[in-house]
1. Taking both sides together, what accessible area is buried at the B/A interface, probe 1.4 Å, expressed in Å² and rounded to the nearest 100?
2. Mind listing the long-range amide H neighbours of residue A:38? Cut-off is under 5 Å, sequence gap 5 or more, other chains count too, H placed in the peptide plane at 1.01 Å from N.
3. For residue B:84, what is the net charge nearby, where nearby means another residue's Cβ is under 12 Å from its Cβ and Lys, Arg count +1, Asp, Glu -1?
4. Under a 1.4 angstrom probe, counting protein chains only, how are A:142, A:109 ranked by accessible area, largest first?
5. Where does the charge balance sit around residue B:137 when Lys and Arg score +1, Asp and Glu -1, over other residues with C-beta under 9 Å from its C-beta?
6. Count neighbours as other Cβ atoms within 10 Å of each site's Cβ, and list the trypsin sites (Lys or Arg not before Pro) in segment B:1-80 that are DSSP loop with at most 16 such neighbours.
7. Over the heavy atoms of residue B:12, what accessible area does a 1.4 Å probe trace out, to the nearest 10 Å²?
8. Heavy atoms of the protein only, probe of 1.4 Å, neighbouring chains included. What is the accessible area of residue B:38 in Å², nearest 10?
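The values are calculated or read from the model by the stated rules, or taken from the named source; none is laboratory data. This structure is a prediction, so every number in the text was calculated from the model and none was measured. Every residue, glycine as well, gets a Cβ built from its backbone with ideal geometry; the counts of neighbours run over all protein chains shown. When the accessible area is computed, the model is the full protein with side chains, heavy atoms only, and any ligands, DNA or RNA have been set aside. Shrake-Rupley method; radii C 1.70, N 1.55, O 1.52, S 1.80 Å.
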Amino acid sequence: HRRPNDEAFAQLPHRLIPVLATMFLIVGRSEPLYELEIPTVSTASAGSLDQFVLHSALDLVETAMQQHTGLFLRTVDSFGDLLVSAYVTPTHVKFLLLHERSRSEDAIRSFFGDVQELYVKLAMNPFCVYDTPIVSKGFDDRVRLLASKYLA
Amino acid sequence: MEHRRSIFDRDISRSRADVSLSAFGFLFSELVQQIQREAESINDLEGQLEQIGYGVGVKVLELLAARDRRNFRHKHKLVPCLRFVSTTLWRYLFGKDADRLEKSSEHDNEYYIHEQEPLTNMFISVPREYGALNCAAYTAGIVCGVLDTSGFTAKVQAVTIEEPGEVDKTVYVVKFDE
C-alpha cells in the first residue's frame, strides 16, 4: 500500500536516504523511551531519517498485533532495502528495529528477547516509572553489548 | 563498563524461596497505617492502595511474560485476559486460583472475581468507623494494572460481600470502559 510518507520519501535527495543503517527504538504509549544507533560495517548513518522511518512504522505495528498474538511480530514494514521488525511486550512497550534485509530473523528474535529481559529487570526497579524514558546507563551499556553480539 | 553487580545481573527465573507470610503481613500492615495517617477519606485510602497495587500489576505482568516468553500470547479479548488474571496471575501471587470468575448478568462489561479470604485482609480487622473499607483494594489495583497495560481499560474495585452466618468475602468488581 502507498502512504503519504512514501511520496515524500521518494522525493528526498539521494544522499539523505538511509544506507544500510541500523537503529533500535523503544516506544511507549505516547513517546519514544530509548534509542540506539547501531554502527554496522557498511553504514553511513542518516540519523533523524531512521527515526522517521521507524515512527511511521508504528501504525503497522498495531495492525500486525491484530494478526499475531506472540510477542515477536517479525517484519512489519519495509523501506527499500531496509526492514522494520517489531516486538511488543505484554504491557505494550514496543521494540522496533530498522535493519538490512539480510539480517537473520533468529538473530533479531534473540536480540529482542534478551532486550526484553533487560527491560523487565529495569521495570522491576521501584524507582523506574512505567512508560517514561529510559535513562539507565547500565541498561544502555547492556543493550549496546547485545547489539554487537546479534547485530554487528 | 562498570563491573559492579547491578540489577541487570540478577536472574529473573523463579526463585525457590518462599516469602514469609509474617513479613508480608507486617509490611502490608505498615503500608495501610502509613496511608491511613495521610488519607482524607475511606475512598482516598482505598484509592492510594489501588494506586500502589497498579504499579505492582505492571511489573508482575512483565515478569510473568518474560519467564515464559516463547509461550506468552497477547490477549485481544477481555475474557482470556480475565482468565489469565484469575488463574496464572493469582497462582503467582497467592499460590492458588481465584475462587470464581463470573460475568455480570445485569451489567454489560462487568465481571466479578470472587475471593473468600484475600491475603491482604488476613491480619486486618476493620473497625466499625471505617465502614466498608476493604484493603484488598491493593489487589484490585494489581488487577487493574495488569488489565490496563494489556489494553483493557477498566475500573476494579474490591467490594466486601456480607454473607449471613459466614465470614465476609471479597468480590473484585471489574468494570470495563466502552
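1. Details: alone 12050 and 8420 Å², together 17800 Å².
Between B and A, the summed buried area is about 2700 Å².
2. Placed amide hydrogens put A:22, A:23, A:24 under 5 Å from residue A:38.
3. Details: positive: B:73, B:75, B:77, B:83, B:91; negative: B:68, B:97.
Counting the neighbours of residue B:84, the net charge comes to +3.
4. On the way: A:142 35, A:109 65 Å².
Sorted by accessible area, descending: A:109, A:142.
5. Values: positive: none; negative: B:46, B:50.
Charge balance in the 9 Å sphere: -2.
6. Values: sites: B:4, B:5, B:10, B:14, B:16, B:37, B:59, B:67, B:69, B:70, B:73, B:75, B:77; in loops: B:4, B:5, B:10, B:14, B:16, B:69, B:70, B:73, B:75, B:77.
Listed in order of number, the matching sites are B:4, B:5, B:10, B:14, B:16, B:70, B:73, B:77.
7. Surface open to solvent at residue B:12 totals about 20 Å².
8. Residue B:38 exposes around 120 Å² with every protein chain in place.
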